[in-house]
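Structure, as C-alpha cells:
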Amino acid sequence: MLKLFTKDFWDVTARLILRNKIGILVGIISITVLFSTQWKNMRFSNTEANLLPDDHEVNVTYNNFLNTFGEEGNLIIIGVKDSTLLSVEKLNAWNKLADSFKDYAEVETVISVKDLQKLVKDTLQQKFNLEPFIKDSITSTAQVNKLEDELFNKYPFYDNFLFNKKTKTIRTIIYLDKAIVNTSARKDFIIKELEPKIKAFEDVTHLDVRISGMPYIRTLNAQLIVDEIVWFVLAALLVTSLIFFLFFRSFRATLISLVVVCVGVMWTLGIIGALNYEITVLTALIPPLIIVIGIPNCIFLINKYQHEVKLHGNKVKSLQRVITKIGNATLMTNVTTASGFATFILTESTLLKEFGIVASLSILAIFILCLLIIPIIYTFLPYPKDRHLEHLNKRWIGGFVNWTERMVKHERIAIYSVALVLLIVSIIGIYQIKISGSLIEDMPQDSGFVKDIRFFEDEFNGIMPLEIMIDTKRKQGVMKLSTLKRMDELQELITETPELSKPISVVDLVKYSKQAYYNGNTKFYQLPTSQENSFILSYAKNSTSNVDLLKNFVDSTGQYARITTFMKDIGTDKMERIEENLQTKIDKLFPKERYTVTMTGKALVFQKGTTYLVKNLAISLSLAIILIALFMAYMFRSGRMIIVSLIPNLIPLLVTAGLMGYLGVPIKPSTILVFSIAFGISVDDTIHFLAKYRQELQANNWKIKVSVYGALRETGVSMFYTSIVLFFGFSVFTISSFGGTVALGALVSATLLFAMLSNLLLLPSLLLSLERSIANKEVLKEPAINIIPEEDDSDDRNSNI
C-alpha cells in the first residue's frame, strides 16, 4: 500500500502530473471558470465588523436595545462653523437644504433649526402645543437675532443638540430609514445624493460643510477598503514580480509566476463568493497575501528545475525531481502557514472565522496550483537558455551565507547573548503594550471624513453613540418621579465626564414641560415637584405633541427608557474607567430588585470586541504553536527537536511584541493578526532547514557538525531569497491609508526578517550545542513524513535552493 508523502508517493504524483498535462490544465481552467461564476456572490460588508460571537452577553444586550428602540446608528450629521451662516440668505439656504432631504425615501426625518419647536402652554385647552421658531422662512436680520437669542439663551432643552452656543456651530441631523442602514441603498444615497447636494450648496454659499455620523463614516470607510484592494493586488504583483525578476533575470519565469498567483487570486475570490462571505477589512487582505505567499513557492520550484537542468540537461527528469524533492518540503511549509491562519477558525468571532477559512483554503490552493502549473508549463517550453541559468552561478549572496556560517562556528556565545538580551528587553516592552478599542484609530487620519469626526468631537463631544437602557420592570414605570430623579442624577455624572456629550432623555422633556408650564421661564427648566408633577402630567396627557416627542425616549409601554449620549474616540483604558464610574453610579441609584440598567451602543460593542480578541489572540497563537509542534513531532519523532524548532520562531514574535510596546503600537483587531500570521510563515524556514539537515545527516553518517554546516550553506540562500520576497511583499501593506493595515504590514515584515536571522543563526547554534542529545539515531529514526533523499548523480549541496 502506498503511504502518503513517501518517495513512492511523490514519484507517482510526478508521473500523474507529467502524463496528464492537458487534462490537468483543462481541469484548472474549468475550476477557474467555475470560481469566476461565484464572484457575483461577493459583496462588501454594509455593517460594522462584529468582533464578538452572536451569543455574547454584550451582543445580546445590544440586540435587546435595538428590539426595544430600533437602530441607533442611523444619524447623519451635517454642520457648519461660520458666523456668516447666521444671516438671512445663508440661514434660509441652510434650512432649504435640510428640507430637500425630506423628499428622499431613504430619509426617515430631518431635524434642522427650522424644525425646532417651542413647547407652549395652552391654558384654555389645558395642554401643550408645539410652535415653530421659524415660520416658512426668515425675512429680516431682526428675526435672525431673535432666533439666536431664543435658541442660545431661552431654551436649554436644545442646547448642544443642534448648536454649540459658545462657538455658534450649527448642525442638522438626518435620520436615515432604519431599514436601509445596513444595506447598499445607504451607500447609494450617500455617494449619489447626499454628497453632490452638499457640494452644490458649498459652491453657492461658500460655506465649509462638515459631514459625519456612523452611516456616513461606514460608507466612506468601506469605499476606501474597496479602492485599496485593487492597489494592494497591483502593488503586490509589481513588487514580488520585480524581486523575482532580479533573482532570475528571466521574463519567462516571471510571467509564469504571475500567471500562477493571478489564478490563485481568482480562486480566492471564488472561494469568498462560493462561501457567500462578505468582503471585510480582513478578507480584503487575502488576495495580496496569496500573491506574497505564492511567489516563494514559485521561486523554490523554478529554481530547482533550472538547477536540475544545468546538472544533467534532461528536462523531463528535472521536472520529475522538482515535484518529488521540492513538492514535499513545499507542501509542509504551506500546511504550516495554512495552520497559522486556520487557528482563527477556532475562535468564536465570525469575522476571524471567515478570515481563517478563506486564508487557509487559499494557501493550500496556491500550493496545488504551483505544483501543477509550473512543471506542466515548462514541459511545453524549450530548454532554458544559458542567460536563464546565470543566476545559479551568482556569488554575491555567498558572502552573506559565509558570514552566517562563521557566526555559528565561532560566535555561538555572542548569538546566545544577543538572543537573551533581546528576550529580556522585549519582555519589558511587552508590559508597555496597550489595548485600543478605538473605532476610528485605524481609519485614514488625513481623510476628510476623519477630520470631520474630530470637528464634531471638538464641537459636540463626539458622535459615537453610547446608550443606557433602563428597565423599570413595570408598565408606565418610567414616568414615576422617583425614576426620573434617579435618571437625572445619572445624567449629571455623564455631563461632568469630559469625554461624553450632554445626554438627552425623557428627563429633559419633562424639564422642558415644566418650563413650558411656567410660560417658558428658564428658571423652571428642572424636574417638577410631586405636586407640580400631577398638573404637568395632566397637560401632557392632553397633548399629542408630547406623545410624539416622548416616543424617541420611552418605549410604547412606558416600561423602558433610554439615555443617549455620544462619546469621543477614546482608548480602551479611558472607556473602561468611564464604564466603571457609570456602573458604580448605576448600582447606587437603581436597586437591582426594581431596575435593570444596561449600557450599550456601537462604540461600547466595538471596545468589548477588541478586548475579546486579545483573549482569543493567546488562544489562537497557542493553538498555532501546538499544531506546528505536533507537526514537528510527527515529522521528527523527537521532543528535543520540537523545542529546538520552536525557540527560533518564538523569539522573533516576542521581539515584535516588545517593539509594539516601545513604539506605542497598540493591540487592536488589525495588529492582533500579526503573531499567528508571522509564526505560520516563519516556521517554513525552520522546516526547510531541518528537512535539509536530515538529508545531510543521512548522507554524512550522522555527523552533526558537517550536517549543520551543509544544511546552512544549502538553505541559507533559499531562506534569504524567500525572506526578501516576503519582507517586501508584506511591506506593500504599508502603502495603505489605514493605520492598522500599515502596522500589520510593517510588523509582519519585521517579524519575518528577525525570523530569518533567528533560523540562520540561532537554530544551527542550538543544533550544535545539543548535538549529543539529538544525534542519537534512535531519536532521528525514519520520520513519519519522509524527506526525499538526494540522488547520487545530483549533489544539491551546491545549489542555491
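All of SER482, SER447, SER534 fail the test of being open to solvent by 10 Å² or more (accessible area, probe 1.4 Å) and touching a residue at least 24 places away in the same chain (Cβ under 8 Å), apart from SER447. Of all residues in region 106-118, those being touching a residue at least 60 places away in the same chain (Cβ under 8 Å) and hydrophobic (A, V, I, L, M, F, W, C) number 3. Among the residues of region 617-640, which ones are over 14 Å from VAL683 (Cβ atoms) and either at pLDDT 75 or above or outside any helix (DSSP H, G or I) (or both)? Once the filter is applied, which keeps residues that are over 14 Å from VAL683 (Cβ atoms) and either at pLDDT 75 or above or outside any helix (DSSP H, G or I) (or both), region 617-640 yields ILE619, SER622, ARG637, SER638, ARG640.
Based on what the data block shows, is SER707 surrounded by 22 or more Cβ atoms within 10 Å (Cβ to Cβ) and closer than 13 Å to PRO296 by Cβ? Spelling it out, it is not the case that SER707 is surrounded by 22 or more Cβ atoms within 10 Å (Cβ to Cβ) and closer than 13 Å to PRO296 by Cβ.
A search for C-beta distances below 8 Å between a residue of region 85-97 that is without any contact (Cβ under 8 Å) to a residue 40 or more places away in the chain and open to solvent by less than 30 Å² (accessible area, probe 1.4 Å) and any residue that is assigned to a helix (DSSP H, G or I) and among the β-branched types (Val, Ile, Thr), counting only pairs 6+ apart in sequence or on different chains, returns nothing. Inspection of region 768-780 finds a residue satisfying the criterion of being open to solvent by less than 50 Å² (accessible area, probe 1.4 Å), assigned to a helix (DSSP H, G or I) and at pLDDT 75 or above. Which residues, taken from region 309-339, are open to solvent by 30 Å² or more (accessible area, probe 1.4 Å), touching a residue at least 12 places away in the same chain (Cβ under 8 Å) and of a type in the set (S, T, N, Q)? Within region 309-339, GLN320 is the sole residue that qualifies. Checking each residue in region 428-444 for being open to solvent by 20 Å² or more (accessible area, probe 1.4 Å) and more than 20 Å from GLN607 (Cβ to Cβ) picks out ILE428, ILE430, TYR431, GLN432.
For region 405-419, give me the residue count where each residue is over 16 Å from GLY710 (Cβ atoms) and either open to solvent by less than 40 Å² (accessible area, probe 1.4 Å) or in a helix (DSSP H, G or I) (or both).
The qualifying residues number 10.
For region 443-484, the set of residues classified as closer than 20 Å to GLU496 by Cα and of a type in the set (A, V, I, L, M) consists of ILE463, MET464, LEU466, ILE468, MET469, LEU484, listed by residue number. Scanning region 552-595 for residues that are in contact (Cβ under 8 Å) with a residue 12 or more places away in the chain, within 23 Å of VAL510 (Cα to Cα) and loosely packed, with under 14 Cβ neighbours inside 10 Å yields a single hit, THR557. Condition check: buried (at least 22 other Cβ atoms within 10 Å of the Cβ), over 30 Å from ALA284 (Cα atoms) and either modelled with pLDDT of 75 or more or among the polar types (S, T, N, Q) (or both). Does THR722 satisfy that? When the stated conditions are applied, THR722 does not pass them.
Picking from residues in region 195-210 that are over 13 Å from ILE78 (Cα atoms) and aliphatic (A, V, I, L, M), the one that is least open to solvent (accessible area, probe 1.4 Å) is ALA200. Close contacts from region 742-760, counting a first residue that is open to solvent by 30 Å² or more (accessible area, probe 1.4 Å) and a second that is among the hydroxyl-bearing types (Ser, Thr, Tyr) and not in a helix (DSSP H, G or I), with Cβ to Cβ under 8 Å and a gap of 6+ residues or different chains, come to VAL742/SER736. Checking the structure you have, find out if any residue of region 119-139 is touching a residue at least 40 places away in the same chain (Cβ under 8 Å), in a helix (DSSP H, G or I) and either open to solvent by less than 70 Å² (accessible area, probe 1.4 Å) or under 22 Å from VAL507 (Cα atoms) (or both). Taking every residue of region 119-139 in turn, none turns out to be touching a residue at least 40 places away in the same chain (Cβ under 8 Å), in a helix (DSSP H, G or I) and either open to solvent by less than 70 Å² (accessible area, probe 1.4 Å) or under 22 Å from VAL507 (Cα atoms) (or both).
Is one or more of the residues making up region 376-386 out of contact with any Pro (no Cβ under 9 Å at 6 or more places or on another chain), at pLDDT below 75, assigned to a helix (DSSP H, G or I) and over 30 Å from LEU770 (Cα atoms)? Among the residues of region 376-386, at least one is out of contact with any Pro (no Cβ under 9 Å at 6 or more places or on another chain), at pLDDT below 75, assigned to a helix (DSSP H, G or I) and over 30 Å from LEU770 (Cα atoms), which makes the answer yes.
Looking across region 119-147, just one residue is farther than 22 Å from ILE174 by Cα and acidic (Asp, Glu), and that is ASP122.
The values are calculated or read from the model by the stated rules, or taken from the named source; none is laboratory data. Note that the coordinates shown come from a computational prediction; the quantities given were computed from them, not determined experimentally. Note that we place each Cβ from the backbone using ideal geometry, even for glycine, and neighbour counts take in every protein chain shown. In case anyone asks, the SASA skips ligands and DNA or RNA and just uses the protein heavy atoms, side chains included. Shrake-Rupley method; radii C 1.70, N 1.55, O 1.52, S 1.80 Å.
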